[in-house]
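Novice: Could you have a look at this structure, given as structure tokens, before my questions?
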């Protein structure tokens, strides 16, 4: 995913866990977060809920082999897309584009 997103001009950061992301969040500018729902430790779905509860509006693309099972919960907590693993490059890029459009719209609403 990192290589694909960089190939289309995106700047990326990769974190090996939710905890690593949370430790670095204050130093990062995040426009979109791609999260594996099945991460060990704090799961991707739990991370999404934590960010929503803390009113941190980062558009999230959730990836999981169990998309049908968690789709409703993911959308309820603000995911902009839920992709079933395996997904295509085109599906990922489309979801990221949707997330970035959502992020830009939220930024304009906050400052507009």
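Novice: From the Cα gyration tensor of region 1-67, with a ≥ b ≥ c the square roots of its eigenvalues, which class applies: rounded if a/c is under 1.5, or else prolate if a/b is larger than b/c, or else oblate? Kindly include the intermediate steps, with their values, before the conclusion.
Specialist: Details: a/c = 1.63, a/b = 1.20, b/c = 1.36.
Oblate, since a/c reaches 1.5 and b/c is not below a/b.
Novice: Further, regarding this structure: What is the fewest-to-most order of 50, 39 by other Cβ atoms lying within 10 Å of their Cβ? Each step should come with its number before you reach the end.
Specialist: On the way: 50 14, 39 18.
The fewest-first ordering by Cβ neighbours comes to 50, 39.
Novice: Can you give the relative contact order of the chain as a percent, counting alpha carbon pairs under 8 Å and 6+ residues apart?
Specialist: On the way: 131 pairs, mean separation 24.5, N = 112.
Relative CO of the chain lands at 22 percent.
Novice: Ranked by Cβ crowding within 10 angstrom, fewest neighbours first, how are 93, 83 ordered? The partial results should precede the final answer.
Specialist: Numbers: 93 15, 83 19.
If I rank by nearby Cβ atoms, fewest first, I get 93, 83.
Novice: Under the rule a/c < 1.5 gives rounded, and otherwise a/b versus b/c splits prolate from oblate, where does the chain land using the Cα gyration tensor?
Specialist: Numbers: a/c = 1.22, a/b = 1.09, b/c = 1.12.
Judged from the Cα gyration tensor, the chain comes out rounded (a/c under 1.5).
Novice: For the pair residue 19 and residue 68, what calculated FRET efficiency results from E = 1/(1 + (r/R0)^6), where r is the Cβ-Cβ distance and R0 = 35 Å, to the nearest 0.05?
Specialist: Numbers: r = 28 Å, r/R0 = 0.80.
Given R0 = 35 Å and the Cβ-Cβ separation, E is 0.80.
Novice: With a 10 Å Cβ neighbour count serving as the proxy for reagent exposure, in which order, fewest first, do 34, 60 appear?
Specialist: Details: 34 21, 60 26.
Listing 34, 60 from fewest to most nearby Cβ atoms yields 34, 60.
Laboratory data are not the source of any read-out in this text; all were calculated from the coordinates shown. Being a predicted model, the structure only gives us computed values, none of them experimental. Ideal geometry is used to build each Cβ from the backbone, glycine not excepted, and the neighbour counts take in all protein chains shown.
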